[in-house]
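Bear in mind these aren't lab numbers, they're just calculated from the coordinates by the rules spelled out. The structure displayed is predicted, hence computed values, not measured ones. Quick reminder, even Gly has a Cβ in these numbers, built from the backbone with ideal geometry, and neighbours come from all protein chains shown.
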Amino acid sequence: MKLFIDIGNSKSKWSLVENQIDQRSGSFFNHDIDEFVVPEDIDEVTIASVGREEYENILISKLKFICKNIIFAQIDKQLLEINYSNELGIDRWLGALAVTKRTTNNAILIDAGSAVTIDFIRNDAPRPIFEGGLILPGLHLFNQSLVEKSADISLKNKVMTAQINNTDMALMHGFLMSVSGAIEKFLNFYQLDIENTDFFISGGDAELIFNSTHLGHKSNFKWVENIVIDGLKIYQQLTFSNK
């Protein structure tokens, strides 16, 4: 069996696969990584990490006694070219790689985790290319930044209402409008044809954004549960299957 792990900034997700069929999956907060029980009978582990090195080391110490074949994914421009600096995170690149296998149209990928990234994958060139994107604070950071500066602002209730008549809704609608507005500006920046652009959304706050009344072009959106794990699976298949 193969184990795929996505170590994010605050949370990690995993998927156990046998014969290309998902068997089990789950997630844990990085500060609880000691409690992660590694599944047995693993032949190979493929990891994407943007988390702290200490979390990687704890995970490796758990894995090395069960599986000797542990791989950390790296950007491979032969699989997906990038028009971006070497600072591009492996999570964003893997998400974009997964998108290239889901559509032949130009695509926008919104990954809503600790940060919200909005990335453009160009498909109207001879081969797909990661063109670039935006980075915004995720809902938690958005809220935390206000809490640290103002004792009177703190998110207590995430249940959305149509009216903006209390502090919780002022904050929630503010976050959602900022994301939807950034998407609109991003489309204009690249002068993309909306009708020929596919939108993919993933991450912990994807459902909140997807269900937002502020989100335009909703019929073009596809919700993917974990785009980075999908990208890891594709990366493993393309990179190691024939070796």
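When His173, His214, His31 are sorted by how many other C-beta atoms sit within 10 angstrom of their C-beta, beginning with the fewest, the order is His31, His214, His173.
By the count of other C-beta atoms within 10 Å, a proxy for reagent exposure, Thr167, Thr213, Thr197 are ordered fewest to most as Thr213, Thr167, Thr197. Positive-end ranking of Val179, Thr103, Leu192 along the dipole of segment 81-230, with charges on Cβ about the Cα centre, is headed by Val179. In terms of other Cβ atoms within 10 Å, Val228, Val116 run from fewest to most in the order Val116, Val228.
Using a cut-off of 22 Å between Cα atoms, the listed pairs Lys11/Lys68; Lys185/Lys222; Lys2/Lys68; Lys158/Lys233; Lys13/Lys233; Lys101/Lys158 include Lys11/Lys68; Lys158/Lys233; Lys101/Lys158 as exceeding that distance. Shape analysis of segment 57-160 based on the Cα gyration tensor places the equivalent ellipsoid semi-axes at 31, 24, 12 Å, largest first. DSSP assigns beta bridges within segment 81-230; of those with both partners inside it, close to 55 percent run antiparallel. Mind pulling the angle between the C-alpha long axis of helix 227-240 and the longest principal axis of the chain? Nearest 10 degrees, somewhere in 0 to 90. Compared with the principal axis, the helix lies near 30 degrees. Only beta bridges with both residues in segment 1-145 are counted; by DSSP, about 70 percent of them are antiparallel. With viscosity 1.002 mPa s and temperature 20 °C, the Kirkwood radius over alpha carbon pairs of segment 2-72 converts through Stokes-Einstein to a diffusion coefficient of 177 µm²/s. Calculated mean residue ellipticity at 222 nm for the chain: -10000 deg cm²/dmol, from DSSP H runs with n ≥ 4 weighted as -39500 (n - 2.57), summed, divided by the residue count and rounded to 500.
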